[in-house]
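Engineer: Attaching a single structure in structure tokens format; questions to follow.
Every number in this text was worked out from the coordinates using simple rules, so none of it is lab data. Small disclaimer: the values here were computed from a predicted structure and weren't measured. Don't worry about glycine lacking a Cβ; one is built from the backbone with ideal geometry, like all the others, and counts go over all protein chains shown.
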Amino acid sequence: MTSREETEELNLRERPPGTLEVRPPGPLTAGGDPEPGGPGGELATAAPPAGGDGAPSGPEPVRKSRRLRMALIVVIAIGVAAAAGLAATGALGGEDSEEPAAGPSGPAATAQVERTTLTSSETVDGTLGYGDVTTVQAIGAAAGGADPDAGTDAGRPAQGAGSAADSGGEAADAGAGIVTWTPNEGSTVKRGDTVYSVDGEKVPLLYGDTPLYRTLSDGSEGGDVELLERNLAKLGYTGFTVDETYSPDTADAVSAWQEDLGREQTGVVEAGDAVTAQGARRVAELQTWPGAKAEGAVLDWTGTERVVSVELDAQFEDLVRVGTKAEIELPNGTTVDGEVTDIGTPPAATGSGSGGAGGESEEDQESTLPLQLEVGQQDELGRYQAAPVDVVLKADTREDVLAVPVNALVARQGGGYAVQKVTAGGSTESVPVELGMFANGLVEVTGDGIEEGMSVGVPK
């Protein structure tokens with residue numbers, strides 16, 4: 001036996017029966033086994049020594065090793081497949097295992113159908129102030145031929161701004177005197193108070209829509225006569241009937257009035273002897289001063305109560321009407337209640353008509369509607385005299401309606417909307433709804449099955 005064969009035999013004896021052996025590489029023999037030293041290696045089993053002397057018993061161990069190798073391969077393949085199946089079903093568990101997927105759950109969040117009052121609104125920019133400014137013209141302006149429409153109060157020529165005429169239609173000689181007194185800026189002028197003085201004669205304020213445009217004396221008739229008599233009665237003068245006829249009794253009352261004004265007692269009222277306005281006025285700015293010639297503008301004035309002016313985009317015109325309620329937010333964040341009292345007319349378009357898309361000129365697109373709002377509680381405005389404000393116009397109100405958050409609506413295939421009703425079991429079912437008013441993040445809904453307190457799904 002060669003040295004190599006002896007070594008192999010010793011190895012076989014030292015290994016327990018059934019252990020694996022790495023055979024050295026070598027060429028295959030006719031029986032399919034590699035020769036020692038040939039290429040490729042294979043696993044073999046060491047068989048127990050035969051005959052007790054440790055000598056190998058021939059090719060039998062090799063055949064057994066081949067069968068054992070095939071059995072091992074099969075066992076390993078089955079084990080890998082079984083492990084893969086267990087891993088796929090999660091039966092192996094472990095830290096990385098996940099619970100079986102849960103079935104569909106309810107909505108991310110819910111809200112309730114509530115019964116409430118909805119108010120649609122639009123927030124616009126406004127300006128707090130004393131309203132429109134008008135100008136009082138001096139008596140002397142008439143003699144100078146001033147534009148009768150310049151500086152009008154509430155759209156009508158102020159006294160002295162138009163031509164003076166007596167009851168027969170002849171022009172009166174007003175003349176241009178010297179201004180001898182003016183009120184202070186910010187002061188309030190009421191019925192009977194002096195607006196200004198010319199050559200020492202007081203020019204008082206009377207309430208009314210029509211200026212004193214002609215001489216009034218015994219026998220004169222018309223609405224301006226009634227205006228004069230009504231003011232005299234309010235000032236405490238008596239003995240005449242308030243009507244459209246200037247009687248001798250009216251002349252007597254006028255003489256008493258002239259005496260109190262420190263004027264010549266003629267019983268006749270000349271054009272420009274008084275200024276008319278619709279109510280008390282606040283002096284905004286003086287345009288002349290004592291010592292100046294009594295011609296042109298004397299002063300600018302406004303109403304006495306603070307109001308809010310708004311230039312409303314014409315597209316929102318249908319949101320307002322006289323009486324529309326509003327909430328006004330002041331610069332300090334406080335709010336007061338207001339009401340629309342006057343709606344003006346949008347200015348006429350003056351563009352060339354060569355506008356952009358749709359054929360509208362730039363002026364048409366920027367058309368605005370002037371609004372004026374009154375504030376009932378003036379003291380709530382604090383010390384603000386003029387300031388920018390936010391105006392929340394309350395266009396419409398719907399009381400006692402069912403509403404849901406806007407994000408609870410779900411578009412339906414084919415059109416329309418629905419809400420997702422949450423059932424007792426936590427699932428949802430689609431309920432079609434009809435939509436009403438939108439306001440403050442809510443929308444009015446109606447439809448079969450819609451009830452107060454019903455839970456509906458909303459995004460989380």
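Engineer: Select from region 399-432 the residues that are within 10 Å of Val456 (Cα to Cα) and among the acidic types (Asp, Glu) and list them in ascending order.
Structural biologist: Glu429
Engineer: So Ala424 clears everything in (1) surrounded by fewer than 18 Cβ atoms within 10 Å (Cβ to Cβ); (2) touching a residue at least 40 places away in the same chain (Cβ under 8 Å); (3) over 26 Å from Val308 (Cβ atoms) except one condition, right? Which one?
Structural biologist: Failing condition for Ala424: (2).
Engineer: Does any residue of region 199-217 turn out to be outside any strand (DSSP E or B) and among the charged types (D, E, K, R)?
Structural biologist: Yes: region 199-217 contains one or more residues that are outside any strand (DSSP E or B) and among the charged types (D, E, K, R).
Engineer: Something else now. Among all residue pairs at least 6 apart or on different chains, which show Cβ distances below 6 Å where the first residue, located in region 330-346, is more than 14 Å from Asp132 (Cβ to Cβ) and without any contact (Cβ under 8 Å) to a residue 12 or more places away in the chain and the second is of a type in the set (A, V, I, L, M, F, W, C) and in a strand (DSSP E or B)?
Structural biologist: As it stands, the answer is none, since no pair meets every condition given.
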